[in-house]
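The values are calculated or read from the model by the stated rules, or taken from the named source; none is laboratory data. On a predicted model such as this, the values are computed, not experimentally measured, just so you know. No Cβ is skipped: glycine too gets one built from the backbone with ideal geometry, and neighbour counts run over all protein chains shown.
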Amino acid sequence: MEATKNITHIAVVPSPGFSHLIPILEFSKRLVHLHPDFHVTCIIPSLGSPSTASIDYLNSLPSNNIHSFFLPPISISELPQQQSPAFQSKLAMTKSLPSLREILNSLMCSKTSPPLAALVADTLAYEALDIAKELNISSFLFALWSPALCSFHFQIPKLDETILGEYPDYPEPFVIPGFVPLHGRDFPEFCQHRSSEAYKMVVHRDKRLPSLDGIMLNSFIEMGEETAKVLANNKGSGHPPVYLVGPIISQTGLMNEKDRPECMTWLDKQPPRSVLYVSFGSGGTLSQEQLNELALGLELSGHKFLWVLRAPSSVANASYHSASSSNENPKEFLPKGFLEKTKDQGFIVPSWAPQIQILSHNSVGGFLSHCGWNSTLESVMHGVPLITWPLFAEQKLNAVILNDALKVAVRPKVNKKGIVEREEIKEVVKTLMESEEGKGIFKRITDLKEAAANAMKEDGSSTVTLSQVAHIWKNKGVLQ
Ligand code: UDP
C-alpha cells in the first residue's frame, strides 16, 4: 500500500473459526466498497490449521484494499480440552496477543502505510482491544449479536452481582431491557453454569465493555425494534454507543455449471418452496439417539429435505474447530434402510454444503437450524422461515427472538431426556411447510426480509450508521 494522507487504515481481528472470520471480512468488504478511501488489514489468529472453507474464502478476497494474514497458529493441544469452542477461541487469542502486538506496533510505525485509526475485534478477540488503548486508537467490537443479545451482555455484570445460584433455577423470567421476558434456561449456554470458565470469561469481558469506543452489531433495527431503541438511547448509561450495521452476510457469487454441487442440481428438480433445509452450522452435532429421531421424523413428515449430515457425538459442538476436515462417513450413522426409503424424498450432504446458495434457491421453503447468528441472518435475508433447534452458545436466545419476538419460526418440544422425538419433528415440519400458521410465519419473514434489504440500501439505516462509524475513524476520534 502506498502511504497516502487520504487513506484511513484500520485493522480487524477475528477470532478463530469460519463463522467468526467470514462476517468480519464481509464487513471489511462492505466498508471499503462504500468508503474506497479505507484500507483494512485483517490479522487472523488461528487454532490448528484453518479450514479449507476459510482458505478458499480468503483466496477470493479483493487484494487491493484488504490485506489479510494469519498469526502463528496455536495448537489445540496447548489448550485445556473439554472446554467450549468459544472459550478455546478466546484462549487461542490470548496466546496470540504477543504476536498481534508486534504486528500492530509495526503497522503504527510503517513508512509504507498510514498509521492505524482503529482496531475492530470480534467478541472472542476482545483482549486485542487493550492494545488499541495502548496505541491510542479507536477500539470497536464487531459482534455477531442481535440487539437483544447486546442488551443481555450489558446486564450480565449486574446479574452476576445480584443473582444468587444458577440462572436456569431462577423461578421468574429476567427483564432484559427492550426484550421479551427471558427465562434463565434460555440464557446463552455460557451462562448455564456460573462456575464454568466460559461464564467467567464472559463476565470479565462484559465488565470491560464500557471502556470501548463503540460496539457494531451485525444486525438491523427490525431484528429487535424495542431493544434497538433502548440501545440507541443509552447515552449516560455507562455503555458505549451501539451501531447496527448489518445484516452483513457472505456474498458468494453464482457458481458456474461445472462447479455446481449435486445438491443444487437436486434442488433444481424440486417444486418451489417444497424443501426443508436441515443444518446445524459449521460444527453442530447431534447424539446418535437424536440423529435417529431426526431421520425418522423427516421421513414421517413426508416432506422433501436437504440435510447437511455430520457424524454423531455426545457433545453438541464437537466439530466446531474441525467441521470440514472429518474423515468419518456420516451416512453410516443413519438408521438402517433410511437412505433407501427416502431416496426420492431427501438428499444428504456429508458435513458441509453451500448454505447461502441453498437458502437462495426457490425450492427451499424452510430451514431447520441450530440458530447460529450467521444462519439466522442468512435465513432472514432469503425469507426462509425456520424450525429452531438451538444447540450451544447463544443459540437458545436467538431461538427466543425468532419464535417469541419475531414469530418467524416454530420450535419443537424436547422430552425429559432432552430429545426431540420423531412425531414432534413430523408435526413441526408439517406446521411450517403446510399449515395456516406456517403461512403467517412465511408472511412475517417475507416482511423481515424486505426490512433487511432496506436497511442495506444506499440510504438504509445500517448503511447510514456505517458511514457514521467511518466518519469517526476518519477523524480518529470518538463521536460524543
Ligand atoms: N455454513 C455453510 N455450510 C455448512 C454449514 C455452515 O456454508 O454446511 C456457513 C453458514 O452459511 C454460516 C456459517 O457457516 O455462514 C455458520 O455460522 P453460524 O453463526 O450460523 O453458526 P456456527 O457455525 O457459529 O455455529
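List, please: which pairs have Cβ atoms under 7 Å, are six or more places apart or on different chains, and start with a residue in the range 21-37 that is under 20 Å from Ala143 (Cβ atoms) and end with one that is within 12 Å of the ligand (Cβ to nearest atom) and of a type in the set (Val, Ile, Thr)?
Pairs that qualify, where the first residue is under 20 Å from Ala143 (Cβ atoms) and the partner is within 12 Å of the ligand (Cβ to nearest atom) and of a type in the set (Val, Ile, Thr), are Pro23/Ile248; Glu26/Ile248; Glu26/Ile249; Phe27/Ile248; Arg30/Ile248.
When you scan the range 61-68, do you find a residue that is within 23 Å of Val245 (Cβ to Cβ) and among the small types (Gly, Ala, Ser), even just one? Steps first, please.
Keep residues of the range 61-68 that are within 23 Å of Val245 (Cβ to Cβ), which gives 61-62, 64-68.
Cutting the leftovers down to among the small types (Gly, Ala, Ser) gives us 68.
Looking for residues that are within 23 Å of Val245 (Cβ to Cβ) and among the small types (Gly, Ala, Ser), one finds at least one in the range 61-68, hence yes.
Quick check on this structure: which one of Pro240, Pro271, Pro177 is in a loop (DSSP other than H, G, I, E, B) and not assigned by TED's automatic domain parsing to the domain that holds Lys158?
The conditions single out Pro271.
Considering only the range 197-206, I want to know if a residue exists there that is touching a residue at least 60 places away in the same chain (Cβ under 8 Å), assigned to a helix (DSSP H, G or I) and crowded, with 23+ Cβ neighbours inside 10 Å. Show your work before the answer.
First, the residues of the range 197-206 that are touching a residue at least 60 places away in the same chain (Cβ under 8 Å): 197-198, 201, 205.
Subsequent filtering for residues that are assigned to a helix (DSSP H, G or I) retains 197-198, 201, 205.
Still in the running and crowded, with 23+ Cβ neighbours inside 10 Å: none.
No, because not a single residue in the range 197-206 is touching a residue at least 60 places away in the same chain (Cβ under 8 Å), assigned to a helix (DSSP H, G or I) and crowded, with 23+ Cβ neighbours inside 10 Å.
State all residues of the range 139-171 that are out of contact with any helix residue (DSSP H, G or I) (no Cβ under 6 Å at 6 or more places or on another chain), buried (at least 24 other Cβ atoms within 10 Å of the Cβ) and farther than 23 Å from Phe18 by Cα; if no residue qualifies, say none.
Within the range 139-171, Phe152 is the sole residue that qualifies.
Out of Leu377, Leu359, report the one residue that is assigned by TED's automatic domain parsing to the domain that holds Trp266, touching a residue at least 60 places away in the same chain (Cβ under 8 Å), within 16 Å of the ligand (Cβ to nearest atom) and under 23 Å from Gly302 (Cα atoms). Before you say what the answer is, go through the steps one by one.
On the way: Leu377 fails: under 23 Å from Gly302 (Cα atoms).
Unique residue meeting the criteria: Leu359.
Ser77 - would you say it is part of a helix (DSSP H, G or I), more than 28 Å from Pro354 (Cβ to Cβ) and of a type in the set (Gly, Ala, Ser)?
So Ser77 fits the description; yes.
Listed here are the residues, each with its yes/no results for (1) under 19 Å from Pro188 (Cα atoms); (2) modelled with pLDDT of 95 or more; (3) in contact with a Lys or Arg (Cβ under 9 Å, 6 or more places away or on another chain).
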{"position": "Leu339", "(1), (2), (3)": "no, yes, yes"}
{"position": "Ser360", "(1), (2), (3)": "no, yes, no"}
{"position": "Leu377", "(1), (2), (3)": "yes, yes, no"}
{"position": "Trp389", "(1), (2), (3)": "yes, yes, yes"}
{"position": "Phe392", "(1), (2), (3)": "yes, no, no"}
{"position": "Arg411", "(1), (2), (3)": "yes, yes, no"}
{"position": "Glu424", "(1), (2), (3)": "no, yes, yes"}
{"position": "Gly438", "(1), (2), (3)": "no, yes, yes"}
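Kindly provide the set of residues from the range 377-391 that are surrounded by 24 or more Cβ atoms within 10 Å (Cβ to Cβ) and closer than 20 Å to Val414 by Cβ, ordered by number.
Matches in the range 377-391: Leu386, Ile387, Thr388, Trp389, Pro390.
Taking Leu276, is it buried (at least 22 other Cβ atoms within 10 Å of the Cβ) and either part of a loop (DSSP other than H, G, I, E, B) or at positive phi (or both)?
Details: buried (at least 22 other Cβ atoms within 10 Å of the Cβ): yes; either part of a loop (DSSP other than H, G, I, E, B) or at positive phi (or both): no.
So Leu276 does not fit the description; no.
Do we find a residue being closer than 23 Å to Gly246 by Cβ, over 19 Å from the mean Cα position of the chain (by Cα) and hydrophobic (A, V, I, L, M, F, W, C) anywhere in the range 11-24?
yes
Within the range 401-410, which residues are surrounded by 19 or more Cβ atoms within 10 Å (Cβ to Cβ) and either part of a loop (DSSP other than H, G, I, E, B) or within 16 Å of the ligand (Cβ to nearest atom) (or both)?
Ile401, Leu402, Leu406, Val408, Ala409
Take the residues in the range 282-300 that are among the small types (Gly, Ala, Ser) and at pLDDT 95 or above; name whichever of them is surrounded by the most Cβ atoms within 10 Å (Cβ to Cβ). Talk me through it step by step, then tell me what you get.
First, pick out the residues of the range 282-300 that are among the small types (Gly, Ala, Ser): 282-284, 287, 295, 297.
Narrowing the set further to residues that are at pLDDT 95 or above leaves 287, 295, 297.
Working: Ser287: 16, Ala295: 25, Gly297: 22.
Ranking the qualifying residues of the range 282-300, first place goes to Ala295.
Per-residue answers, yes or no, for (1) more than 22 Å from Gly284 (Cβ to Cβ); (2) surrounded by fewer than 18 Cβ atoms within 10 Å (Cβ to Cβ); (3) of a type outside the set (Lys, Arg); (4) modelled with pLDDT of 90 or more:
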position	(1), (2), (3), (4)
Asp37	yes, yes, yes, yes
Val40	yes, no, yes, yes
Ile43	yes, no, yes, yes
Ser51	no, no, yes, no
Tyr57	no, no, yes, no
Ile74	yes, no, yes, yes
Pro80	no, yes, yes, no
Ser99	yes, yes, yes, yes
Ala117	yes, no, yes, yes
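Yes or no: Phe18 within 16 Å of the ligand (Cβ to nearest atom), in contact (Cβ under 8 Å) with a residue 24 or more places away in the chain and either of a type outside the set (Gly, Ala, Ser) or over 22 Å from Trp373 (Cα atoms) (or both)? Walk me through it before giving the result.
Values: within 16 Å of the ligand (Cβ to nearest atom): yes; in contact (Cβ under 8 Å) with a residue 24 or more places away in the chain: yes; either of a type outside the set (Gly, Ala, Ser) or over 22 Å from Trp373 (Cα atoms) (or both): yes.
Here the answer is yes, as Phe18 does meet what is asked.
Residue-wise test of (1) part of a helix (DSSP H, G or I); (2) of a type in the set (A, V, I, L, M); (3) in the same structural domain as Val384 (by TED's automatic domain parsing).
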position	(1), (2), (3)
Ile425	yes, yes, yes
Val429	yes, yes, yes
Glu437	yes, no, yes
Ile445	yes, yes, yes
Leu448	yes, yes, yes
Thr465	yes, no, no
Ala470	yes, yes, no
Trp473	yes, no, no
